[in-house]
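All of the numbers you see were taken from the coordinates with simple rules; none came from a lab. Keep in mind that what you see is a predicted model, and the values were worked out from it rather than measured. No Cβ is skipped: glycine too gets one built from the backbone with ideal geometry, and neighbour counts run over all protein chains shown.
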Amino acid sequence: MKYIAVGKQIKTLEINEDKLINREGYAKLYELNKDKCAKVYYEPVSIKDRKDIKTVIKKIRSLDIDCMYKIYELLYNNQNLAFSGYTRDIINGTPLSNMTPEIAEKLMSMSSEEAMELLIRLEYAKNTLSNNGIYISDDIYSGIIVHDNTFTIGNVDRYLYRPNQREKIIVENDQLINLIETMTIVRAATILNYPENDKMKVVKNCREIFGNNRNVLANKLETLSKEKTLKKTLLK
């Protein structure tokens, strides 16, 4: 398969169909080398959807957010020049939606300092996207890849760029990320089979710390800093 790749330069990119490594919804991932892959759409995508996808990808690429995967070139069909996908780096890890007991244990046993670092990383991404008029997709849970004691956010082609809706976006993105932060910890406690009394404490504290829409990042960090470990904070 041949595509025109447009990035810092324009070139022809040949993709080996035998290098298929995964399917993501309406697209296939092909390995280009050990660090880079191509995401190619194989389901019919409307002209409007193609335009939305291309616009948000270009915008997110320009923001170069540390905890989101790197986007390199946009891909166009070699024959009709239709937008067909993009190239990005390969992130090896486990989707947050497939949380394992090992990941759950690492999350619950981390120090407060480690928890705050991850929180800052996620909230920085949220604020940068919101301030630039980008809606975060509500399936972000499956797009967060856990690896090397941190995470990387992917599947950004499902986001939407709507710069004229910035105020609404800030509210909706805040609500979504608060829910992700809350449900991630509650799910970890459930996977680890915490006693019912402890689980209820986790739910209560998560709602107060992360699920409260009035709690800005500074408030969340202040609460976490009062104990040495995340677990002690959650089981108070």
- prompt: Picking from D148, D35, D89, which is most flexible by a Gaussian network model of the chain using Cα springs under 10 Å?
  reply: D148
message: Just checking my list (i) 25, 23, 16; (ii) 36, 20, 14; (iii) 51, 30, 13 against semi-axes √(5λ) of the Cα gyration tensor in Å computed from this structure; which label fits?
response: (ii)
- line: Most fluctuating of G133, G93, G143 in the GNM of the chain (C-alpha, under 10 Å) is G93
- prompt: Most mobile of T182, T152, T128 per a Gaussian network model of the chain (Cα springs, under 10 Å)?
  reply: T128
- prompt: Going through the range 145-203, which trypsin sites (Lys or Arg not before Pro) have at most 12 other Cβ atoms within 10 Å and a DSSP loop state?
  reply: none
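In percent, what relative contact order does the chain have, based on Cα pairs under 8 Å that are 6 or more apart in sequence? Don't jump to the answer; show the numbers that get you there.
Working: 366 pairs, mean separation 43.0, N = 236.
With pairs under 8 Å counted, the relative contact order is 18 percent.
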- request: Return P(r) of the range 2-89 (all Cα-Cα pairs; 5 Å bins starting at 0; whole %; ordered from short to long distances).
  value: 3, 14, 25, 28, 21, 8, 1
query: Once fully extended, how much extra length lies between E117 and I21, figured as 0.36 nm per residue of separation less the alpha-carbon to alpha-carbon distance?
result: 31.4 nm
The range 171-222: relative contact order in percent, alpha carbon pairs under 8 Å with at least 6 residues between: 44 percent
